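J.: The structure under discussion is supplied below as structure tokens; questions concerning it will follow.
The values are calculated or read from the model by the stated rules, or taken from the named source; none is laboratory data. Being a predicted model, the structure only gives us computed values, none of them experimental. Cβ: placed from backbone, ideal geometry, glycine included. Neighbour counts: every protein chain shown. Ligands, DNA and RNA are stripped out before the accessible areas are found, and what is left, the full protein with its side chains, is counted by its heavy atoms. Shrake-Rupley method; radii C 1.70, N 1.55, O 1.52, S 1.80 Å.
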Amino acid sequence: MTLSRRGFLGSLAAGAGAVATGKTAHAAGPTHFAGPPGSMGLLHDTPLCVGCRPCEAACAQVNDHPAPTAPVGDKAIFDKERRVEPTSYTVVNRYDVGDGKFVFRKHQCMHCSEPCCASVCLVRAFTKTPEGPVLYDPDVCMGCRYCVTACPYYALSYEYDNPTSPTVQRCTMCYDRIKEGKDPGCAGACPTGAINLKVETPQEIR
């Protein structure tokens with residue numbers, strides 16, 4: 001019997017997961033994550049965003065993270081494009097679109113309907129919830145960091161500075177707050193209404 005390259009890699013992945021967890025593992029495959037009706041997402045309306053960054057401060061507060069190093073309103077922070085970090089799940093970047101005009105983009109986990117992080121995870125540490133957020137279970141994670149490299153939005157970070165029990169860190173879309181009927185911290189703090197919790201329609205789910 002001839003074993004294809006894909007089959008070989010799948011078997012190797014399953015074996016690695018089994019060794020790491022001591023359980024029967026299932027190799028990641030081309031699973032389709034259909035978005036359930038009523039699934040929610042965070043809409044960032046870029047024309048309304050003015051780069052004021054209270055969303056960053058609110059994100060830090062609800063997640064018990066240190067306050068942003070640059071105070072809210074400090075425009076010097078936009079001199080360099082930033083990525084999310086283990087203690088900064090949300091960052092706002094500025095982009096020059098010409099003619100002296102700028103657009104601001106809020107950078108965070110997109111909570112995809114078909115999340116790459118879940119697709120590549122060998123031990124199924126990621127779960128797409130019916131409400132919309134993609135959740136991560138650090139107790140299952142084996143630290144391979146495939147999810148970090150697979151994310152097309154560069155929205156996951158890893159605790160490299162934690163020598164004993166590093167984990168993947170990312171926005172949770174304030175899942176606990178959503179379950180209580182509240183807005184995510186960033187949406188509640190936005191003064192211009194640029195961030196909204198939105199229920200997706202079937203046509204919008206990709």
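J.: Of the residues in region 131-163, how many are out of contact with any Phe, Trp or Tyr (no Cβ under 6 Å at 6 or more places or on another chain), open to solvent by 80 Å² or more (accessible area, probe 1.4 Å) and free of Cβ contacts under 8 Å to residues at least 40 places away in the same chain?
T.: 5
J.: Restricting the search to region 176-192, which residues are open to solvent by 40 Å² or more (accessible area, probe 1.4 Å) and not small (Gly, Ala, Ser)? Steps first, please.
T.: Residues of region 176-192 open to solvent by 40 Å² or more (accessible area, probe 1.4 Å): 176-177, 179-183, 188, 191-192.
Within region 176-192, Asp176, Arg177, Lys179, Glu180, Lys182, Asp183, Pro191, Thr192 meet the criteria.
J.: Say whether the condition of being open to solvent by less than 50 Å² (accessible area, probe 1.4 Å), out of contact with any His (no Cβ under 6 Å at 6 or more places or on another chain) and assigned to a loop (DSSP other than H, G, I, E, B) is met by at least one residue in region 94-109.
T.: yes
Each row is one residue, and each column tells you yes or no for (1) free of Cβ contacts under 8 Å to residues at least 24 places away in the same chain; (2) in contact with a helix residue (DSSP H, G or I) (Cβ under 9 Å, 6 or more places away or on another chain); (3) within 27 Å of Lys198 (Cβ to Cβ).
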{"site": "Cys55", "(1), (2), (3)": "no, yes, yes"}
{"site": "Asp64", "(1), (2), (3)": "yes, no, yes"}
{"site": "Ala70", "(1), (2), (3)": "yes, yes, no"}
{"site": "Ser88", "(1), (2), (3)": "no, yes, yes"}
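J.: With the requirement that a residue be under 27 Å from Ala150 (Cβ atoms), polar (S, T, N, Q) and at pLDDT 95 or above, what does region 165-206 give you?
T.: Passing the criteria: Thr167, Gln169, Thr172.
J.: For Ala67, work out the one condition from (1) at pLDDT below 95; (2) among the hydrophobic types (A, V, I, L, M, F, W, C); (3) assigned to a loop (DSSP other than H, G, I, E, B); (4) touching a strand residue (DSSP E or B) at 6+ places or on another chain (Cβ under 8 Å) it doesn't fulfil.
T.: Ala67 satisfies all of (1) at pLDDT below 95; (2) among the hydrophobic types (A, V, I, L, M, F, W, C); (3) assigned to a loop (DSSP other than H, G, I, E, B); (4) touching a strand residue (DSSP E or B) at 6+ places or on another chain (Cβ under 8 Å) except (4).
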